[in-house]
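These notes are about the structure you will find just below.
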Amino acid sequence: MDNLFNNKIIFFRNLGLKNWIETFNKMHFFTKIRDNKTFDEIWFLEHYPIFTQGLLNKKYTNKSNQNLLYKIPIIDADRGGQITYHGPGQQILYFLIDLTRRKINIRTFIDIMHNSVISTLRFFSIESYIKKNFPGVYVNEKKICSLGLRIKKGFTLHGLSLNVDMDLTPFNYINPCGDANIKMTQVKEFNSFLTLQDIRYTLIKTLSHLLNVRMIEKKSISNIF
């Protein structure tokens, strides 16, 4: 009965602007101490400027050392995917989900992540799509959302980053997701009035529907935060 009840609720946290390493450590700590009765959570946040390299990254994906001159740190991450950039104005979602308890396979969960973004953008009259064998969401042949996930003992870590209203310049210093042909875009190029709050609210509604849950904001301070 507990598991059935826990599957009906996902807590979400609106964390604001956070340091990547601090959040990485807290995400792993949450996963380490959780059990099959722990409620799932989704964290909504932004990061200070940082490049992160996934497990599939190849060192040659950096176009030059300009990113070092740009004074943005580069760090290795234990997620899937290759190199990407995070910065203020980008809506990041970290999914801390028990796939085993929810009886969701990895492929289905990735589809849910994609569809949450596609449906959210469609709500604001922005038509987007996915490309076969290229994780992420695209608009007009440009990438607007990147995905990078890790599964550990049936639990998900990391998630997605949706470009909303940010400085896209640092993407020029890398080959996003390891592909020199990828160009990046963001929500404000299609609707300059939308805010992170607008996007976040619609993502919460969309994910509630796709995961068939109630998403409840968790504001209490725990030993994790």
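None of the figures in this text is laboratory data; all of them are computed from the coordinates on show. Quick caveat: nothing in here was measured; it's all calculated off a predicted structure. Quick reminder, even Gly has a Cβ in these numbers, built from the backbone with ideal geometry, and neighbours come from all protein chains shown.
The table below gives the values:
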quantity: Ascending count of other beta-carbon atoms within 10 Å, so fewest first, for Lys131, Lys71; calculated: Lys71, Lys131
quantity: From phi via Karplus (6.51, -1.76, 1.60), per-residue ³J(HN,Hα) for segment 177-192 in Hz, x at Gly/Pro; calculated: 6, x, 10, 5, 8, 6, 10, 9, 9, 8, 4, 5, 6, 10, 8, 6
quantity: Calculated [θ] (222 nm, deg cm²/dmol) that DSSP helices of n ≥ 4 give over the chain, each run adding -39,500 (n - 2.57); calculated: -8000 deg cm²/dmol
quantity: The chain: mean projected area of Cα convex hull, nm²; calculated: 11.7 nm²
quantity: Local electrostatic count at Thr206 - Lys and Arg +1, Asp and Glu -1, tallied over other residues with Cβ under 15 Å; calculated: +2
quantity: For Glu217, net neighbour charge (Lys/Arg +1, Asp/Glu -1) across residues whose Cβ lies under 15 Å away; calculated: +4
quantity: Antiparallel DSSP beta bridges within segment 2-217, percent to nearest 5; calculated: 65 percent
quantity: Per residue, the convex hull volume that the Cα atoms of segment 108-225 enclose (Å³); calculated: 149 Å³
